[in-house]
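The values are calculated or read from the model by the stated rules, or taken from the named source; none is laboratory data. Note that the coordinates shown come from a computational prediction; the quantities given were computed from them, not determined experimentally. Heads up, the Cβs are rebuilt from the backbone with ideal geometry, glycines too, and the neighbour counts pull from every protein chain shown.
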Amino acid sequence: MKTKTLNLILGMMLIGITTVFAAEAKTEKFKVYGNCGMCEDRIEKAVTDMTGVTAAAWDSKTKMIEVTFDESKVEVAAIHKAIAKVGHDTEIERAEDKVYKALHGCCQYDRKDAAKDCDHKTKEACNHKGSKKGKSCCKH
Ligand SMILES: [Cu+2]
């Protein structure tokens, strides 16, 4: 009887310890490109919808997002991907052009690395949003 009670107590302590470890949250800050309050909602929703994410706050002025998540449930790389999927470039992920172009007009932020997706053949054809024709974004 005594051993049973002891085992029960030990078992409960073990569960307690595991819960504490599992709930340990990590916070990361990184850059996400965007413009306005609509962007903020879109970015934060994409992140908080993920399993393992407990909080996300994006600042339209600094373009920085602060994400709190459980490392055992979600990887930071997946968070970058989820943000890019809704149209926003991050430090390491780039949104697909068609998704970016489908964003509301006020949300079409200036893309820092527009040249990455250049598929035109000449400088003259370069007409990326926010670029000086044939200059800033074009690698040709
Ligand atoms: Cu916006």
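Within the stretch 79-106, residues that are within 19 Å of Gly37 (Cβ to Cβ) have Cβ atoms under 9 Å from residues that are away from the ligand (no atom under 13 Å from the Cβ) and among the polar types (S, T, N, Q) in these pairs: Ile83/Thr90, counting only partners at least 6 apart in sequence or on another chain. Ala84 meets the stated requirement of being among the hydrophobic types (A, V, I, L, M, F, W, C), in a helix (DSSP H, G or I) and either modelled with pLDDT under 95 or within 16 Å of the ligand (Cβ to nearest atom) (or both). Give the residues of the stretch 67-78 that are closer than 26 Å to Cys36 by Cβ, surrounded by fewer than 18 Cβ atoms within 10 Å (Cβ to Cβ) and not small (Gly, Ala, Ser), sorted by residue number. If the condition is that a residue be closer than 26 Å to Cys36 by Cβ, surrounded by fewer than 18 Cβ atoms within 10 Å (Cβ to Cβ) and not small (Gly, Ala, Ser), then Thr68, Val76 are the ones that fit. For the criterion of being at pLDDT 95 or above, in the same structural domain as Asp89 (by TED's automatic domain parsing), not in a helix (DSSP H, G or I) and not acidic (Asp, Glu), Lys45 fails.
Taking the stretch 87-101 as the range and being surrounded by 12 or more Cβ atoms within 10 Å (Cβ to Cβ), more than 19 Å from Ser60 (Cα to Cα) and within 16 Å of the ligand (Cβ to nearest atom) as the test, only Val99 passes.
Residue under question is Asp110, and the condition is that it be under 18 Å from the mean Cα position of the chain (by Cα), more than 14 Å from the ligand (Cβ to nearest atom) and at pLDDT below 95; does it hold? In short, no.
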